[in-house]
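Enquirer: Pasting a structure below so you can have a look.
We did not get these values from a lab; they are worked out from the coordinates using the rules stated. Keep in mind the model is a prediction, meaning the values are calculated, not measured. Positions of Cβ are backbone-derived with ideal geometry, glycine not excepted, and every protein chain shown enters the neighbour counts.
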Amino acid sequence: MIRTASLRYAYKHSEDQNLVFPDIHLSSKESLLILGASGVGKTTLLHLLAGLLPIDTGDVYIGNTHINRLTRGELNHFRGQNIGLIFQKSYFIKSLSVLENLLIREKFSKSKSDRYRREELLMHLGLCDQMHKKVYQLSEGQQQRLSIALGVIHKPKIILADEPTSNLDDINCEIVVSLLKKEAKICNSNLVIITHDQRVKPHFNNHIIL
Amino acid sequence: MLYLAYKNLISKPLNTVLSVLLLILSISLATFILQVKKQLNEHLEGNTKHFDMVIGAKGSPLQLVLSSLLHIDNPTGNIDLEEAMKIAKKPMVKYKVPVSYGDNYKGYRILGTTHKYLEVYKAQLQRGRLYEKSFEAVVGSQVAEQINLKVGKTFASSHGLAESGLETHKEKPFVITGILKPTGTIIDNLIITNLESIWEVHEHSYDEGHENQEVHQKHQDPVKKENFNLITETQSHEDDGHAHENKEYHLVEEHNHSQDDPKHKEEHDHSKEHDHSERDDEEKKEITSLLVKFRNPIGVLQTSRFVNEKSTMQAAIPKFEIDRLTTFLGVGFQAINGISLVILFIASLSIFINVVRSVRERKQELALLRTYGISTFQLIKLVFLEALMLTLISAIFGWLFGRLGVWLFSVFSDAYGYDFQFGMPNREEVYMLLLVMVTTLPAAIIASLSLLKLNVSKILADA
């Protein structure tokens, strides 16, 4: 469940740009697609939801937690356990293998190491053969799929995806979107995708346009 | 966390190797110097503490101490045994040991002395017995091992203190009666016999030397070093071999005669042409030096003044001379210490650069870790762990290489009888390793400061 109320954000260095976001209300398992052109604050909204940016005005509730009220330490912990982030560009720990990246994600979010979950996930995403490869040895599509794996491995309450498809061709775009939907269903999570990619639009009923 | 730090380190081998190498170099240099200094001091101390004074011929007191106690320099000359003994015949004297040398066997010095010498150095027999009469000798453990000498074997000494083989006393071979246990002192590198053996060998060699006295003088200025003397003598002897043949025969006969009846020695007035050491040899009993231990320090000072002012000999106090020596060496040690400090500085700088660069390069990774729920503090810990690991690896290897260097040094300096040991790190070294850790700490701190300002949102948004 995600709820935001009168959320605003102002970047300190550019005072004229005051971002105002519409209220969001998602009941559990509901998905949301946020569409908008570049520079309208899509990523800012996502980072506010993830607790990566401090909230100036407005309120964010995830589940029963009021994000504004959390201390730094609590926020770190909450983020690690309840939020899965998937980025446009894939970020990994380059010195580790695919499997090790997943392990470290589990470890740092303090969730239990679940071997079955890992293997199931790798199978779903078709990364079983790449398990022991270094991350930079993967292809673009494989990297994006690993990104998804890292975003959902710990069964977060909400999955936040930032332009997950913009670098992919049509086929991979289809695959990624369906995988995201499938994993969100498995984890019983809210899926929030922000994108300017119109190809994603038909897959979701719930749209917000910024 | 530890595993991640380790993985990060080895994923950038070049950077890591450079920093580690620099640190290793600095640490090994420093441990090497510390060890050499320590062991050298121990060695000097251990070998000189048994005697308070060395009485020998005039010359450099340092040279006298080095030659008589440590056996690494040439002697200053010879002194009269009786005269020296007279000086040392005081109640303040605890014990005294005359030593005499000038010969070697395969580079190992043959020392003529009394049994007291062995007693003072606490040398014990491993096999065989002590020497009882002339031309019997006991050998130090190192000597026995290096040139494979066994009890009952015989060997011919050669003249001088360095291995030359030009002049050997084949007619008068030594018999080995015993082998000593390792003592960790210079005894291990000596062949020890009684005083008489040295005198008897030299009576012969001085006669021979005399033959070519005139020729020798043309070739060379009056020389202080016996062995050099004798090399030229042998050469010139070959040149003028025929001219001297008759004379030589004559003198050898005389020499044999003198052995039968020592009183006839004085008849050899030709010996007056020699420099004093050779001349005295045939008139009186001579020794190279007399080692004395006093009952109290006052005796040392009184006797030292008396000998230096009222006699033709000099008294050197080992403690002072060794102090002087270590001050000389200290300058060198300090220079190398300085170099290793500079390298240490560069090494910590390189670690600093390494850490800063790794933080910059991995900004996104670190931001990603933040989204995984770890705190800024944990990120700093990660960076610290990397720096610490780097330092630890270098410290361990640096220390090992330092010790290896010391060991190699001891192998090459075998001739001097420096026996270096491979021990555990001592307190000084632990301090030094801690110092290294401490110097890398600020590097890690400054580098991790940027982590506090890490703007996760911005870094991840700037894809």
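Enquirer: Counting only other chains, and only Cβ atoms inside 10 Å, what mean value do you get across the residues of A:87-94?
Expert: Working: counts 6, 3, 4, 3, 10, 3, 11, 8.
For this peptide, the per-residue mean of nearby foreign Cβ atoms is 6.
Enquirer: Another question about this same structure. What length, rounded to one decimal in nm, is gained on full extension from B:Glu132 through to B:Glu119, with 0.36 nm per residue of separation minus their alpha-carbon distance? It would help to have the intermediate numbers written out before the result.
Expert: Working: separation 13, 0.36 × 13 = 4.68 nm, distance 1.51 nm.
Full extension from B:Glu132 to B:Glu119 adds 3.2 nm.
Enquirer: Based on the Cβ-Cβ distance of A:Gln81 and A:Glu120, what FRET efficiency does E = 1/(1 + (r/R0)^6) give at R0 = 30 Å, to the nearest 0.05?
Expert: Numbers: r = 20 Å, r/R0 = 0.65.
Once the sixth-power term is evaluated, E becomes 0.95.
Enquirer: Sticking with this one: Would you mind checking which residues have amide H under 5 Å from B:Glu136's amide H? H placed 1.01 Å from N; only 5 or more apart, or other chain.
Expert: Amide H neighbours of B:Glu136: B:Val175, B:Asn194.
Enquirer: Report the label-to-label distance for A:Asp56 and A:Phe204 in nanometres (one decimal), using points 7 Å from each Cα along the Cα→Cβ vector.
Expert: With each label point 7 Å from Cα toward Cβ, the separation is 2.5 nm.
Enquirer: Divide by every residue of chain A the summed helix terms, -39500 (n - 2.57) for each DSSP H run of at least 4, and state the resulting mean residue ellipticity at 222 nm, rounded to the nearest 500 deg cm²/dmol. All intermediate terms of the calculation are to be shown ahead of the outcome.
Expert: Working: 6 runs with 71 residues, N = 210.
That calculation yields -10500 deg cm²/dmol at 222 nm.
Enquirer: Pairs B:Lys89/B:Lys122; B:Lys153/B:Lys293; B:Lys37/B:Lys122; B:Lys381/B:Lys458: which exceed 32 Å Cα-Cα? Let's see the in-between values first.
Expert: On the way: B:Lys89/B:Lys122 24 Å; B:Lys153/B:Lys293 34 Å; B:Lys37/B:Lys122 25 Å; B:Lys381/B:Lys458 22 Å.
Where the Cα-Cα span goes over 32 Å, the pairs concerned are B:Lys153/B:Lys293.
Enquirer: Further question: Taking R0 as 35 Å, what's the FRET efficiency between B:Thr327 and B:Lys150 from their Cβ-Cβ distance, rounded to 0.05? Write down the numbers at each step before the final one.
Expert: On the way: r = 43 Å, r/R0 = 1.23.
Here the calculated transfer efficiency is 0.20.
Enquirer: Continuing with this model, one more query. Would you work out which of B:Ile351, B:Ser304, B:Phe320 lies farthest towards the positive end of the dipole of segment B:297-364, given +1 charges on the beta-carbon of Lys and Arg and -1 on that of Asp and Glu, about the Cα centre?
Expert: B:Ile351
Enquirer: A follow-up question, please. I'd like to compare B:97-103, A:51-57: which one has the highest average count of other Cβ atoms within 10 Å, and what's the full order after that?
Expert: Values: B:97-103: 25.0, A:51-57: 17.9.
By packing density, highest mean first, the sequence is B:97-103, A:51-57.
Enquirer: While we're on this one: Set the bar at 32 Å for Cα to Cα. Now go through B:Lys38/B:Lys285; A:Lys42/A:Lys182; B:Lys96/B:Lys133; A:Lys185/B:Lys453; B:Lys58/B:Lys116; A:Lys112/A:Lys134 and name every pair that lies beyond it. Each step should come with its number before you reach the end.
Expert: Working: B:Lys38/B:Lys285 40 Å; A:Lys42/A:Lys182 23 Å; B:Lys96/B:Lys133 20 Å; A:Lys185/B:Lys453 37 Å; B:Lys58/B:Lys116 25 Å; A:Lys112/A:Lys134 24 Å.
The answer is B:Lys38/B:Lys285; A:Lys185/B:Lys453.
Enquirer: Could you work out the pair-distance distribution P(r) of segment A:2-209 from its alpha-carbon pairs, with 10 angstrom bin width and percents rounded to whole numbers?
Expert: Final binned percentages: 8, 35, 36, 18, 2, 0.
Enquirer: Another question about this same structure. Can you give the net charge of the other residues whose Cβ lies under 11 Å from the Cβ of B:Ile176, counting K and R as +1 and D and E as -1? Write down the numbers at each step before the final one.
Expert: Details: positive: B:Arg127, B:Arg129, B:Lys150, B:Lys153; negative: B:Glu136.
Local charge sum for B:Ile176: +3.
Enquirer: Can you tell me the order of B:80-89, A:100-109 when each peptide is scored by its average per-residue count of other Cβ atoms within 10 angstrom, highest first? Mind showing how you got there, number by number?
Expert: Working: B:80-89: 16.5, A:100-109: 21.1.
Put in order of decreasing packing, that is A:100-109, B:80-89.
Enquirer: Can I ask one more? Please average, across the residues of B:361-369, the number of beta carbons from any other chain that are within 10 Å of each residue's own beta carbon, and give a whole number.
Expert: Details: counts 1, 3, 0, 7, 6, 2, 2, 10, 6.
Across B:361-369, the average partner-chain Cβ count within 10 Å equals 4.
Enquirer: Once you place label points 7 Å from the Cα toward the Cβ at B:Arg305 and B:Glu196, how far apart are they in nm?
Expert: 4.1 nm
Enquirer: Oh, and also: For the residue pair A:His25 and B:Leu452, what label-to-label distance in nm results when each label sits 7 Å from Cα along the Cα-to-beta-carbon direction?
Expert: Inter-label distance under the simple model: 4.4 nm.
Enquirer: Turning to a different aspect of this structure: For a protection proxy built on the mean count of beta-carbon atoms within 10 angstrom, sort A:196-206, B:317-327 highest first, please. The partial results should precede the final answer.
Expert: Values: A:196-206: 13.7, B:317-327: 17.0.
Descending mean neighbour count gives B:317-327, A:196-206.
Enquirer: A further question on this structure: Could you work out, residue by residue across A:40-52, how many beta carbons of other chains sit within 10 Å of that residue's beta carbon, and then give the average as an integer?
Expert: Numbers: counts 0, 0, 1, 6, 2, 0, 3, 6, 1, 0, 4, 3, 10.
The mean count of partner-chain Cβ atoms within 10 Å per residue comes to 3.
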